[in-house]
1. Quick check on my filter: what residues within the range 305-323 are farther than 23 Å from PHE249 by Cα and within 15 Å of ligand 1 (Cβ to nearest atom)?
2. Mind listing whichever residues of the range 178-211 are touching a Lys or Arg at 6+ places or on another chain (Cβ under 6 Å) and in a helix (DSSP H, G or I)?
3. What is the one condition in (1) of a type in the set (Asp, Glu); (2) closer than 22 Å to PHE158 by Cβ; (3) within 13 Å of ligand 2 (Cβ to nearest atom) that GLU254 does not satisfy?
4. Here are the criteria: (1) within 16 Å of ligand 1 (Cβ to nearest atom); (2) within 21 Å of the chain's Cα centre (by Cα). Tell me which single one PHE212 does not satisfy.
5. Give the residues of the range 141-155 that are out of contact with any helix residue (DSSP H, G or I) (no Cβ under 7 Å at 6 or more places or on another chain) and within 11 Å of ligand 2 (Cβ to nearest atom), sorted by residue number.
6. Restricting attention to the range 57-102, report how many residues are hydrophobic (A, V, I, L, M, F, W, C) and either modelled with pLDDT under 90 or over 24 Å from ASP234 (Cα atoms) (or both).
7. Looking only at residues that are within 19 Å of ARG114 (Cα to Cα) and more than 6 Å from ligand 1 (Cβ to nearest atom) in the range 172-190, which one is surrounded by the most Cβ atoms within 10 Å (Cβ to Cβ)?
8. Could you tell me whether GLN214 is more than 26 Å from ALA86 (Cβ to Cβ) and either outside the structural domain of ARG306 (by TED's automatic domain parsing) or not in a loop (DSSP other than H, G, I, E, B) (or both)?
Amino acid sequence: MRTTQPFEFTFSVAPRRRGNALLSGVLWIAALLLFVVPYLRDRDSIGSYEGDFTRDVKADDDKDKIDLPFSTDVADYEAQHGKGLAEAIAKGSEEFFGLESAWLRDSGSVEPLRIPSGKLNYEIHCVGCHGAIGDGAGPAARHLNPRPRNFRLGKFKFTSTDASSRPQRRDLFQTITRGLAGSAMPEFRLVNEEKRWDLVEYVRWLSMKGEFEQMMLDQAWEEEEIPNAKELADIVVHRWHPSNLRPIFPGVNETPNDAASVERGRALFTDVAKGSCFSCHGKEGRGDGPTAGDYEDDWGYPIRPRDLSAGTFRAGAESVDLYRTIAAGIKGTPMGSFAGALTSEETWDLVHFIQSLSHKR
Ligand code: HEC
Ligand code: HEC
């Protein structure tokens, strides 16, 4: 099974047809139009981004996404509603999420002792992609698809928790340890284990602080007045408190991975009453279902259902990894949690079916 293949799409070059210069010319132009022109257009628009990517806005008559820097958005608010928001955000952020904040320490949502080493290691290993404030807009970001995660929405894709929970520490630890296959996110096994836990804590802290600042801004726009910082800070640390993370565990041990289970899995995969995996992933799991082209993720970028036959699974290809992915869903993407729709036995059947797709290749 290939688990670290860098890109998921494959394409075949048309066989060279001797003596048919016209056809080959047409093919080249078509290839140019297909691959190069969209890239240039893409690069152009992405190249003009500046600053951070925390907020996207949809122009009414223009479906293209623009990422508006946080500071610009704050400035826009102040231009319309008067000064004060930027100061309130900075003050609240310092008071509640500053590295010295006693309030944060007492909240029990972060381990402050890990933060300094986390920060140092983040600056060494992560900042180039995820950006200094964790907005996913590091200098390398514009070249990457999928984009490095913007931590400031508080959303993480690969978790072992139910749909409304933030990730557990060990989910982030696992991501950092083994990377995300098929994306630019590297593995950091060589960074010693304690430092990886420090990084986990720093990512959580960046995420909470970012979430708080973004909520201040969003609520200000909504209610047209400066929100109460303490109230929003309370909501954020509450969400992240370990006692509020509801984990999803396999209800039964793995059932036998045999032909019968694979066939049951295949039937479930195309069953409209059971989550209709095929509507996104296609009947053969190639990522080409009827609605495959319709989606974007919560960060504002287009997203496609995975080609499951490629055998590249970001959150791991072991049975228990796939079980967790199906049960917990992939947060921030169209793929929701199936914990309620499928029994444990059914989930294992789907796991076996998915594994059979890539084994066949
Ligand atoms: C070369 C670029 C790159 C570097 C360096 C990098 N990342 Fe990432 N990271 C990514 C990309 C790209 C994604 C998004 C993958 C996706 O959406 O599937 C990501 C996603 C993540 C996620 C989100 C996982 C989830 O469940 O949503 C975390 C957490 C993370 N990275 C932490 C780190 C940490 C910590 C470091 C440094 C030790 C780091 N990354 C270094 C590119 C990078
Ligand atoms: C509404 C669309 C949708 C439906 C329905 C859906 N998925 Fe997905 N699925 C996605 C998208 C989009 C991704 C890619 C997410 C990403 O790249 O971060 C994905 C990714 C996956 C992955 C890859 C996980 C990894 O670690 O990389 C698996 C496995 C998967 N889906 C299985 C299923 C199964 C099984 C079902 C049915 C129970 C299902 N999906 C239903 C949209 C969907």
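1. Residues satisfying the conditions are PRO305, ARG306, ASP307, ALA310.
2. Listed by number, the residues that qualify are ASP198, VAL200, GLU201, TYR202, GLY210.
3. (3)
4. Every condition holds for PHE212 apart from (1).
5. The answer is ASN145, PRO146.
6. We begin by selecting, within the range 57-102, every residue hydrophobic (A, V, I, L, M, F, W, C); these are 57, 59, 66, 68, 70, 74-75, 79, 85-86, 88-90, 96-97, 99, 102.
Pick out the ones that are also either modelled with pLDDT under 90 or over 24 Å from ASP234 (Cα atoms) (or both) and you get 57, 59, 66, 68, 70, 75, 79, 99.
Counting residues in the range 57-102 that are hydrophobic (A, V, I, L, M, F, W, C) and either modelled with pLDDT under 90 or over 24 Å from ASP234 (Cα atoms) (or both) gives 8.
7. Restricting attention to the range 172-190, the residues satisfying the condition of being within 19 Å of ARG114 (Cα to Cα) are 172-177, 188-190.
The next check asks that each one be more than 6 Å from ligand 1 (Cβ to nearest atom); those that pass are 173-174, 177, 189-190.
On the way: PHE173: 17, GLN174: 21, THR177: 16, ARG189: 12, LEU190: 7.
Per the criteria, the residue is GLN174.
8. Numbers: more than 26 Å from ALA86 (Cβ to Cβ): no; either outside the structural domain of ARG306 (by TED's automatic domain parsing) or not in a loop (DSSP other than H, G, I, E, B) (or both): yes.
No, not satisfied.
The values are calculated or read from the model by the stated rules, or taken from the named source; none is laboratory data. None of these values were measured; they are calculated from a predicted model. Cβ atoms come from the backbone with ideal geometry, glycine included; neighbour counts cover every protein chain shown.
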